[in-house]
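Notes follow the structure.
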Amino acid sequence: MRGRDSLSVYLRGVAMGAADAVPGVSGGTIALLTGIYPRLIAAITAVEPDRLLDIVAAPLPDRRGDAVAAFREIDGLFLAALGLGIATAIVTVSRVLEHAMAAYPAATFGGFFGLIGASAWLLRREMRFDTRGRQAAAVAGFGVAFLLSGQAEGALGHGLPVTFLAGSVAVTAMILPGVSGSLLLLLLGQYEYMIGHLSAFVDAVYAIATGEPAAVPPGTATIVTFLAGGVVGLFTVAHAVRWALEHRKRATMTFLVALVVGALRAPVVQTATRLDAGWTTAAIGLFCGAAVVGAAVVVGLERAAGGEAIEI
């Protein structure tokens, strides 16, 4: 892959990362919009443990040939450029969102509500209720999301096992246009927690890089555990979801869209916990106005793709 191609992929990664940082907009949708979705899926599904072991063994002289071959088989340069772009955007956008959630909760979570609601509306055509199994999938998806939206953080806490689970689940957003990894984190009650730890970690790394006394950055264990969960998720959750989409697409999509609909409760609950004066007229107006803007963003993205951005 040439330098210009790498830059192009990096910029697409920046767009995907910016989307993935916001609940309601899927990085998979951006991948579709920018024309790299098929290549992304091919690269992800090519990542297998034996190939990773070959790549890790590259320093050994007799294994370098296998390492180079494995790196090419997983489209390593593409994934590296894309991953760097995604990481750049997530670090940048998450810092802005951390401040916005604290200072402007009604506007921020109202925007999330609009993003999620518009995504659910555009995904509605993927739903089917013509069998009892699909009806059950819809009820299950809505019920799980609705209950998690209000109870997950208190029930699950923020231990490392939960962080690992969150990472393994969030990675599925790369293969699900219309379903956001940040939305899944919001449902699990881990979204704001992970953003806070990421910001603290980046600040500490920057301080060390600029010459301050070295120390283990705070939140290192949390970040590493989340990333480890993401890697494991690539081999388990992501492949399982892909299998379900290939063999039980209608039931799977009905479940997922119902999940998105049920998740609409999450921004409302999160806003309510942050409003000192409660739901005043001004707060309601700000929430609704931001929701309209958020919905317009998703609809605009879908139209930019000619109506194909949310289809799987």
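The values are calculated or read from the model by the stated rules, or taken from the named source; none is laboratory data. Note that the coordinates shown come from a computational prediction; the quantities given were computed from them, not determined experimentally. SASA here: full protein model, heavy atoms, side chains in, ligands and nucleic acids out. Shrake-Rupley method; radii C 1.70, N 1.55, O 1.52, S 1.80 Å.
If I compute Rg and Dmax of the Cα atoms in Å from the structure I just sent, which labelled value in (1) 19.9, 70; (2) 17.7, 57; (3) 18.8, 57 lines up? Derived directly from the coordinates: (1). The orientation-averaged shadow of the Cα convex hull for segment 1-105, equal to a quarter of the hull surface, comes to 8.0 nm². Accessible area of ARG63 (1.4 Å probe, protein heavy atoms only, ligands and nucleic acids ignored): about 70 Å².
Across the accessible surface of the chain, with the other protein chains kept in place and a 1.4 Å probe, carbon and sulfur atoms take up 67 percent. From helices alone, the chain scores -24500 deg cm²/dmol at 222 nm; the rule is -39500 (n - 2.57) for each run of n ≥ 4 DSSP H residues, then divide by the residue total.
For segment 1-154, with every protein chain kept in place, what is the accessible area per residue (1.4 Å probe, Å²)? Display every interim value, and only then the final one.
On the way: 7660 Å² over 154 residues.
Here the residues of segment 1-154 average 50 Å² of exposed surface.
Report the relative contact order of the chain, percent, no decimals, based on alpha-carbon pairs under 8 angstrom and at least 6 residues apart. Before the final figure, lay out each step's value.
Numbers: 492 pairs, mean separation 95.2, N = 312.
31 percent.
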